[in-house]
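First comes the structure, then the notes that go with it.
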Amino acid sequence: MLHPRGKKGRVAIFSLRSSLRFKARLQLQLVPAEPSHSSRPPAQLIRRGRLRALQFIVDAIILFWGLLLAALLRFEGEIPEQMAERLAASAPLIIAVQSLSLWVVGAHRIIWRYFGLRETGVFLKGIAISTSVLLAIRLGLGQLTHLPVARVLLLPIGVLGIDAVLVLGGLVGVRALRRYRSELEEQRIRRPRQVHPIRVLLVGAGRGGHFISRELRARPDQGLVPVGFVDDDVQKLGQVLDGLTVLGTTEDIAALCEERRVERILITVAGAGPQKLRELSERCSKVGLPVMIVPRLVEILDGGNDQIKIRQVTIEDLLGRPPVNLDLPGIERVITDRVVLVTGAGGSIGSELCRQIQKFRPAKLVLVERYENALFEIHRELVAPEPRSTEVVPLVGDVCDADRMEQIFKEHAPEVVLHAAAHKHVPMMEANPGEAVKNNVGGTIVLADAAARSGVRRFVMISTDKAVNPTSVMGCTKRVAELYVQGKNGHTGTAFCAVRFGNVLGSVGSVVPIFREQISKGGPVTVTHPDMVRYFMTIPEACQLVLQASALASGGEVYVLDMGAPVKIVDLARDMIRLSGFRPDVDMQIVFTGIRPGEKLFEELSHKDESTIATPHPSIFASRSVAPDAAHFASQVQELLHVAATDGHKVRDALRRIVPEYTPNELS
């Protein structure tokens, strides 16, 4: 320890101790005053002030003892009397420079309990600045030794270097201890009461694995206990990440699950593509344990919730549709502060369109739906968030009811219309062709005419790839609706267009929920034909691209969405069986039932006589075709509507006269 000799030594000790008070006063002066919050309770302000004062005092103690220990280390435990005097004289200056440097880099604003590696860099920068300044002062004083004041402040460079290391370690260390303590407190508070937490094997010892292992340990209320990693990078075998060992590769999963009594497998591979995810899922599913996945970090943080959104691997993950990049300013120009009307607002596509539209803050969102239960649900969902900047109006109405549509357009004066109401189930419409015509053709005519009369700016009709070379009544009626919408363009100020895309995953009555239901009942899973293929995209993706197309529309286009590669339905069935923990054709059978009426083995996205051109958006193409003679087409449509209302057996003949490429299959 310090061994001062005589009165001067006692003065040196007093001066060094006084620097502690100087440090506290200096920092209190340097911290900028925060604006007063009259709504904040006085007790809370007092507690905050005490906490700040305590933090300043702790920092002051670290700076003081860092300098003292640096001197002791430099002089091997006994500081000469002359150096003790210099140390006492220099301490206020050194601590002031260090405090000022830390304040300049913002170290005082860092919350201790969330201290991490990034915050360590802030302190490193602050200490580097202060040490550079002190070295410059020291070197300058070395040239002025003829001045008494210079000789008093002259300290060895080694003391300054050792002090920098000690102070950095002390400041970082005390904050790391505070974070460690807070994490222990959170674990204790969140520790679940369940006796048996679930043992989890983590697949992927990378960034995603590190993030999840750390979060699972910090969140025992999740009830998941990681037992180790597996990773196909052999260089990681045996290494330790966040206290967990890389136990083997994915080939070892079966043996490790038995050896370590694993109850669940969690795939944590960050940014894994669909092919990689499929391989991992197939290997994991052979063990017969639930296979979970960690979504992308954006998805984890979505919703402002601190729960880790660990979930089962879904078929959407395996299909791997890329995220959609939208021209947000373009969509805002079409939707923001405008009145937008959506038909079929309670359906799979219509309801998602409403969700997406609401994000762009229209002045009013009008929901038109004939099924009151579906309308009730989507309206309740849309009005739940607070605060609301959009008026949401739920209206029960049928698009085939011309009087009701006219009333709605007059009362609400929509500027943008998205027409999603339609009959869509192919086999059902084969059995009810007249109803398909009434709704898909007649409803579109009623709505498009009302839009033109009321001065709607943009009218967007949702179409389908089944409208291309149709073999079904449903597809053919959508083609007729496309032709009508194209023919309306150019006669009024309304820009009419249609958007054509394939199957959407998870829509009501589509293949995915049917397969899911069959699997939940123990099978078998029914597929119509082993060579049946379809285009797929997610509902949010389809709706985002519909909005993007509405922003691109100048009128008369049929927009075709990039659906990616077609997917074999039997492969989709096998993937879903594996994701449910079963082995296809072993634990659960796949039965081929034959092609249903109106179906075809593959779908197309454009007609041979359509010219397809690129648009500014890489996932949207514009298709244009020669419009039919207006008068002749109008006559044929009127005949079709008359036949649909009077003699459903003649509907297919009437459709074929309008759409020559319509070829009903032999089962129709």
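The values are calculated or read from the model by the stated rules, or taken from the named source; none is laboratory data. This structure is a prediction, so every number in the text was calculated from the model and none was measured. Using ideal geometry, Cβ is built from the backbone for each residue, glycine included, and neighbour counts are taken over all protein chains shown.
Structure notes:
- Scanning the stretch 565-596 for residues that are closer than 25 Å to ILE613 by Cα and in contact with a strand residue (DSSP E or B) (Cβ under 7 Å, 6 or more places away or on another chain) gives PRO566, VAL567.
- Residue tally, condition closer than 20 Å to PHE75 by Cα and either in a helix (DSSP H, G or I) or at pLDDT 85 or above (or both), over the stretch 153-175: 12
- Single residue of the stretch 529-548 satisfying the filter (in a loop (DSSP other than H, G, I, E, B) and in contact with a helix residue (DSSP H, G or I) (Cβ under 7 Å, 6 or more places away or on another chain)) that is surrounded by the fewest Cβ atoms within 10 Å (Cβ to Cβ): PRO530
- If you check VAL291, VAL240, VAL269, VAL246 for being out of contact with any Asp or Glu (no Cβ under 8 Å at 6 or more places or on another chain), in the same structural domain as LEU216 (by TED's automatic domain parsing) and modelled with pLDDT of 85 or more, only one passes: VAL240.
Residue-wise test of (1) without any contact (Cβ under 8 Å) to a residue 24 or more places away in the chain; (2) among the charged types (D, E, K, R); (3) out of contact with any Lys or Arg (no Cβ under 6 Å at 6 or more places or on another chain); (4) not assigned by TED's automatic domain parsing to the domain that holds VAL473.
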residue: LEU552; (1), (2), (3), (4): no, no, yes, no
residue: ASP571; (1), (2), (3), (4): yes, yes, yes, yes
residue: ARG578; (1), (2), (3), (4): no, yes, yes, yes
residue: PHE582; (1), (2), (3), (4): no, no, yes, yes
residue: MET588; (1), (2), (3), (4): no, no, yes, yes
residue: VAL591; (1), (2), (3), (4): no, no, yes, yes
residue: PRO618; (1), (2), (3), (4): no, no, yes, no
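- Tally, over the stretch 341-371, of residues that are under 19 Å from THR444 (Cβ atoms) and among the acidic types (Asp, Glu): 1
- Evaluated against (1) of a type outside the set (Gly, Ala, Ser); (2) part of a strand (DSSP E or B); (3) more than 32 Å from the chain's Cα centre (by Cα), TYR559 falls short on exactly one condition, (3).
- Contacts under 7 angstrom Cβ, first residue in the stretch 641-666 being closer than 13 Å to ARG479 by Cβ, partner basic (Lys, Arg), 6 or more apart: VAL659/ARG479; TYR662/ARG656
- Only listed residue being surrounded by 19 or more Cβ atoms within 10 Å (Cβ to Cβ), more than 30 Å from PHE360 (Cα to Cα) and not assigned by TED's automatic domain parsing to the domain that holds SER285, chosen from PHE515, PHE496: PHE515
- Residue pairs whose Cβ atoms lie under 6 Å apart, sitting 6 or more positions apart in sequence or on different chains, and linking a residue in the stretch 330-347 that is touching a residue at least 24 places away in the same chain (Cβ under 8 Å) to a partner that is part of a loop (DSSP other than H, G, I, E, B) and of a type in the set (Lys, Arg), are THR336/ARG361.
- Hey, PRO362 in a strand (DSSP E or B) and touching an Asp or Glu at 6+ places or on another chain (Cβ under 9 Å) or not: no
- Looking only at the stretch 417-442, residues that are closer than 17 Å to VAL485 by Cα and either of a type in the set (Phe, Trp, Tyr) or in a loop (DSSP other than H, G, I, E, B) (or both) come to 3 in all.
- Check on LEU341, part of a loop (DSSP other than H, G, I, E, B) and modelled with pLDDT of 65 or more: no
- Within the stretch 369-384, the only residue that satisfies the criterion of being touching a residue at least 24 places away in the same chain (Cβ under 8 Å), out of contact with any Gly (no Cβ under 8 Å at 6 or more places or on another chain) and exposed (fewer than 14 other Cβ atoms within 10 Å of the Cβ) is GLU372.
- Screening the stretch 461-491 for residues that are more than 37 Å from the chain's Cα centre (by Cα) and small (Gly, Ala, Ser) and picking the one that is farthest from HIS423 (Cα to Cα) gives GLY490.
- Any hit, the stretch 491-511, residues being assigned to a helix (DSSP H, G or I) and modelled with pLDDT under 85: yes
- Matching residues in the stretch 75-119 - criterion: being over 45 Å from the mean Cα position of the chain (by Cα) and of a type in the set (S, T, N, Q): GLN82, SER90
- If you go through the stretch 166-185 and keep only what is surrounded by 15 or more Cβ atoms within 10 Å (Cβ to Cβ) and either of a type in the set (A, V, I, L, M) or not assigned by TED's automatic domain parsing to the domain that holds LEU63 (or both), you end up with LEU166, VAL167, LEU168, LEU171, VAL172, VAL174, ALA176.
- Between ARG596, ARG578, ARG652, ARG657, the distinction of being within 30 Å of PRO290 (Cβ to Cβ), touching a helix residue (DSSP H, G or I) at 6+ places or on another chain (Cβ under 9 Å) and of a type in the set (Lys, Arg) belongs to ARG578 only.
- Checking each residue in the stretch 332-346 for being closer than 18 Å to MET461 by Cβ and surrounded by fewer than 24 Cβ atoms within 10 Å (Cβ to Cβ) picks out only VAL334.
- Qualifying residue in the stretch 583-590 (condition: at pLDDT 85 or above, out of contact with any Leu (no Cβ under 6 Å at 6 or more places or on another chain) and in a helix (DSSP H, G or I)): no
- Of all the criteria given as (1) surrounded by fewer than 12 Cβ atoms within 10 Å (Cβ to Cβ); (2) modelled with pLDDT under 85, the one not satisfied by GLY648 is (1).
- Whichever residue in the stretch 82-119 is among the polar types (S, T, N, Q) and crowded, with 16+ Cβ neighbours inside 10 Å and, among such residues, is farthest from ALA53 (Cα to Cα): SER90
- Taking residues in the stretch 247-261 that are closer than 15 Å to VAL200 by Cβ and in a loop (DSSP other than H, G, I, E, B), and partners anywhere that are at pLDDT below 85 and among the charged types (D, E, K, R), not one pair has Cβ atoms closer than 8 Å while being at least 6 places apart or on different chains.
- The criterion of being crowded, with 20+ Cβ neighbours inside 10 Å and either small (Gly, Ala, Ser) or touching a Phe, Trp or Tyr at 6+ places or on another chain (Cβ under 7 Å) (or both) holds for ALA420.
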